[in-house]
Amino acid sequence: MFDEIAPTYDRLNHLLSLSVDRYWRRRTVRAVRQRLALRQDSRPILDVCCGTGDLTLALRAGLGEGVEVLGADFSGVMLSRAQAKAPELGWLQADGLHLPFADGSFAAIATAFGFRNLADYRAGLSEFWRLLQPGGVVAILEVARPTVPVLGPLYQFYFERVLPRLGGWISGHPEAYRYLPSSVSRFPAPPELAVWMREAQFRAVEYQRLSGGIATLHLGIRP
Ligand SMILES: C[S@@+](CC[C@H](N)C(=O)[O-])C[C@H]1O[C@@H](n2cnc3c(N)ncnc32)[C@H](O)[C@@H]1O
């Protein structure tokens, strides 16, 4: 499914979110930068489920040229688009639940709109924990259900009725854009995911609701 929507993915992302997705990624980078104690010998940053690489590139731009940033995704077509944008970065085809890196390899792990797709969220959290060095930062940006009273129902209508039709029509893959609202509805609410992060041994766990709660940024630190 992700291979199929890759050619229109960036265009639709910006169109369907009115480009707010760019702002959410910038917020993610800023949160990582604030929590990260970068040293001379710092380990790299990994963007899991990197897709076409927009968060990977935002991390590289926001953290500085000296910081090594890698992107991993299981869709070869998404990755080839990422690679075309920045051939100098490291891109890897891999499952986010079984990443081929040694324990403690990364100073930070970030993921945008990908975590929701993992087959097992708790297994995803423990894989991220394994890959982080002590003091390492995890940042999970996800689509969420809005919390604002009047905007909520209007957005819900847009998200469940308008967006799947528009996305399906432009991409030519209606099932992929029907999957989007259904995957958000099965995803745990922010307080629940925060509990799971604490149970996975992350500390300083918090979440920030963005744009009236239509996206949430989850943060934590591996002690
Ligand atoms: C909605 S896109 C998000 C892409 C990108 N992170 C962004 O900010 O736009 C979700 C991505 O997650 C990837 N993905 C889903 N499940 C995955 C898994 N188990 N392992 C690796 N990548 C996965 C898909 O291939 C797709 O590129």
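The values are calculated or read from the model by the stated rules, or taken from the named source; none is laboratory data. These figures come from a predicted structure and were not determined experimentally. Virtual Cβ from ideal backbone geometry, glycine too; neighbours counted across all protein chains shown.
Yes/no matrix, rows are residues, columns are (1) touching a strand residue (DSSP E or B) at 6+ places or on another chain (Cβ under 6 Å); (2) part of a strand (DSSP E or B); (3) away from the ligand (no atom under 13 Å from the Cβ):
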site: Met78; (1), (2), (3): no, no, no
site: Leu92; (1), (2), (3): yes, yes, no
site: Phe101; (1), (2), (3): no, no, yes
site: Gln156; (1), (2), (3): no, no, yes
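Being under 14 Å from Met197 (Cβ atoms), of a type in the set (Lys, Arg) and either under 16 Å from the mean Cα position of the chain (by Cα) or buried (at least 19 other Cβ atoms within 10 Å of the Cβ) (or both): is that true of Arg122 here? Answer is yes for this residue. Can you confirm whether Ala176 is touching a residue at least 24 places away in the same chain (Cβ under 8 Å), assigned to a helix (DSSP H, G or I) and within 14 Å of the ligand (Cβ to nearest atom)? Yes: the conditions hold for Ala176. Screening the candidates Val195, Val184 for the property of being under 23 Å from Asp120 (Cα atoms), free of Cβ contacts under 8 Å to residues at least 40 places away in the same chain and either among the aliphatic types (A, V, I, L, M) or surrounded by fewer than 20 Cβ atoms within 10 Å (Cβ to Cβ) (or both) yields one hit, Val195. Scanning for something away from the ligand (no atom under 15 Å from the Cβ) and more than 13 Å from the chain's Cα centre (by Cα), does the range 8-17 turn up at least one residue? So far as the range 8-17 goes, no, none of its residues is away from the ligand (no atom under 15 Å from the Cβ) and more than 13 Å from the chain's Cα centre (by Cα). Criterion first (more than 9 Å from the ligand (Cβ to nearest atom) and not in a helix (DSSP H, G or I)) does Ala119 satisfy it? So Ala119 does not fit the description; no. Out of Glu142, Glu127, one residue alone is part of a strand (DSSP E or B), touching a strand residue (DSSP E or B) at 6+ places or on another chain (Cβ under 9 Å) and within 25 Å of Val29 (Cβ to Cβ). It is Glu142. Gln208: in a loop (DSSP other than H, G, I, E, B), surrounded by 12 or more Cβ atoms within 10 Å (Cβ to Cβ), polar (S, T, N, Q) and modelled with pLDDT of 85 or more, yes or no? No, not satisfied. Give the number of residues within the range 86-114 that are in contact (Cβ under 8 Å) with a residue 60 or more places away in the chain and either surrounded by fewer than 17 Cβ atoms within 10 Å (Cβ to Cβ) or touching a Leu at 6+ places or on another chain (Cβ under 8 Å) (or both). Going through the range 86-114 one residue at a time, the tally reaches 10. Out of all the residues in the range 36-56, is one or more among the acidic types (Asp, Glu), in a loop (DSSP other than H, G, I, E, B) and in contact with a Gly (Cβ under 8 Å, 6 or more places away or on another chain)? Checked the range 36-56: no residue is among the acidic types (Asp, Glu), in a loop (DSSP other than H, G, I, E, B) and in contact with a Gly (Cβ under 8 Å, 6 or more places away or on another chain). Of all the residues in the range 18-50, those that are near the ligand (Cβ under 10 Å from one of its atoms), under 14 Å from Val137 (Cα atoms) and not polar (S, T, N, Q) number 2. Against the numbered list (1) over 16 Å from the mean Cα position of the chain (by Cα); (2) assigned to a helix (DSSP H, G or I), Gly66 comes up short only at (2).
One residue alone among Arg30, Arg43, Arg22, Arg35 is closer than 23 Å to Gly135 by Cβ, surrounded by fewer than 22 Cβ atoms within 10 Å (Cβ to Cβ), charged (D, E, K, R) and within 16 Å of the chain's Cα centre (by Cα), and that residue is Arg30.
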